1. Would you mind stating whether Leu140 is closer than 18 Å to Arg261 by Cα and of a type in the set (A, V, I, L, M)?
2. Considering only residues of the stretch 282-304 that are charged (D, E, K, R) and modelled with pLDDT under 95, which is farthest from the chain's Cα centre (by Cα)?
3. Tally the residues that are open to solvent by 60 Å² or more (accessible area, probe 1.4 Å) and hydroxyl-bearing (Ser, Thr, Tyr), restricting the search to the stretch 155-167.
4. Please go through the stretch 290-305 and pick out each residue that is touching a Lys or Arg at 6+ places or on another chain (Cβ under 7 Å) and in a strand (DSSP E or B).
5. Tell me, yes or no, whether the stretch 275-282 has at least one residue that is of a type in the set (A, V, I, L, M, F, W, C) and either over 15 Å from Ser176 (Cβ atoms) or in a loop (DSSP other than H, G, I, E, B) (or both).
6. Can you give me the ranges of the strands (runs of 3 or more DSSP E) entirely in the stretch 92-148 with at least 2 residues that are farther than 27 Å from Tyr278 by Cβ?
7. Within the group Glu146, Glu179, Glu218, which residue is within 22 Å of Ile328 (Cα to Cα) and at pLDDT 95 or above?
8. Residues in the stretch 235-258: is at least one modelled with pLDDT under 95 and at positive phi?
Amino acid sequence: MSRTFDKPAGTTRRRFLRGGAAVAGGTVLGARASVAAETDNLPPNIPEWMKAPGEPMGSQPYGAPSPFEKGVVKNISKTLKQYISASSRTPLQELDGIITPNGLFYERHHGGVPTIDPAQHRLMLHGLVERPLIFTMDDLRRFPSESRVHFLECSGNPGYSKPYGKTASDLVGLVSCAEWTGVSLKLVLQEAGLKPDAKWIVAEGADAAALTRSIPIEKCLEDAMLVYSQNGERLRPQQGYPLRLFLPGFEGNMSVKWLRRLHVTAEPVYSREETSKYTDLLPDGTAREFSFYMEAKSIITRPSGGQRLGAPGFHEITGIAWSGHGKIARVGVSVDEGKSWQSAQLQEPVLTRALTRFRLPWQWDGKPAVIQSRAIDETGYVQPTLAELLAVRGENYFYHNNAIWPWRIAADGEVTNALA
């Protein structure tokens, strides 16, 4: 599938700021003037927080967000039948940049979150190896460490059937991005010595579900990691403390949390999570299995569903794009329901298998519009529409929905899901 983009938007940063100044002078400052009658904290007055010292240093041994940001929390459904095998979503529309704070990282569990004492945790490596080994956490931290930024995404992000979500978080909130620190799995396997017929590694978690997945040996020797830290601190329990496997670009449940065992084998184990789950029924009755990679995808996070644009004029369209096959090469943005596309600016550095922030200045004329983004990765793959995916995969498909998601903007500025 190949498509072309129009030339980048002619709106420069200088023109954006020049046009925005007129809007600020006519709208923003006017709004402030009306509020000034209700509060003494606006210019030219001295606000109340300048009249006395603030909280003393050390009042928060572990820092927390401002109380004025208390609404920025994980998106947790209130209508689930149970919360042991369940998920929560990242509030993508509330975030900037590409790094997800640890407290907002999405969760997906199959047997709840275990409480594991790292002093009693062990990693067993056995099977088709020359030297079966058992590692303590201290043993693993003695290996040379590395840190890399990668996204992690659940393969059911989102499903294919209605009702579709209202916000960016509802739709694709099962994706997050972090800096991961740990040990190269290849290095640990070299310590044990792989036998010639070693083709797969079966990873098992220490949760109540004993989640188990089979990983091709090629991936294990490419960029797989044994991770013990996330964004500079030790893993949270919800993210696999004290140890998780991390497979950049692969579907999320393969990055097994609370990792306790690596069994080197000649064949996959065909566990529950790769037979009855995480496989897809195709229109001809066959099932697609071992669909490891998360394909190129993007979504506009601002403006997006649940938000409302202010006055007509300049607005920034921004969002995130990612691909399990490598780097994002381009992101196209359409403001006319897909009739034409403009190339968005990509935030540097563009990293492999990581979220990429994109931005496009846009002058909204106050009329109804449909905006959407479309990612192209470095392999040339183009993010498809939902209709294109359904035409190939059928309505019984569940996982790996990487469709374009358009937002409809009404004349009053209200933003809603254009496919809902």
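1. Considered against the rule, which asks whether it is closer than 18 Å to Arg261 by Cα and of a type in the set (A, V, I, L, M), Leu140 comes out as yes.
2. The residue in question is Asp284.
3. Total satisfying the criteria: 1.
4. Ser298 - this is the single residue of the stretch 290-305 that is touching a Lys or Arg at 6+ places or on another chain (Cβ under 7 Å) and in a strand (DSSP E or B).
5. Within the stretch 275-282, one or more residues are of a type in the set (A, V, I, L, M, F, W, C) and either over 15 Å from Ser176 (Cβ atoms) or in a loop (DSSP other than H, G, I, E, B) (or both).
6. 133-135
7. Glu179
8. Looking for residues that are modelled with pLDDT under 95 and at positive phi, one finds none in the stretch 235-258, hence no.
The values are calculated or read from the model by the stated rules, or taken from the named source; none is laboratory data. On a predicted model such as this, the values are computed, not experimentally measured, just so you know. Cβ sites come from the backbone with ideal geometry, for glycine too, and all protein chains shown count toward neighbours. Keep in mind that these areas ignore ligands, DNA and RNA; they rest on the heavy atoms of the full protein, side chains included. Shrake-Rupley method; radii C 1.70, N 1.55, O 1.52, S 1.80 Å.
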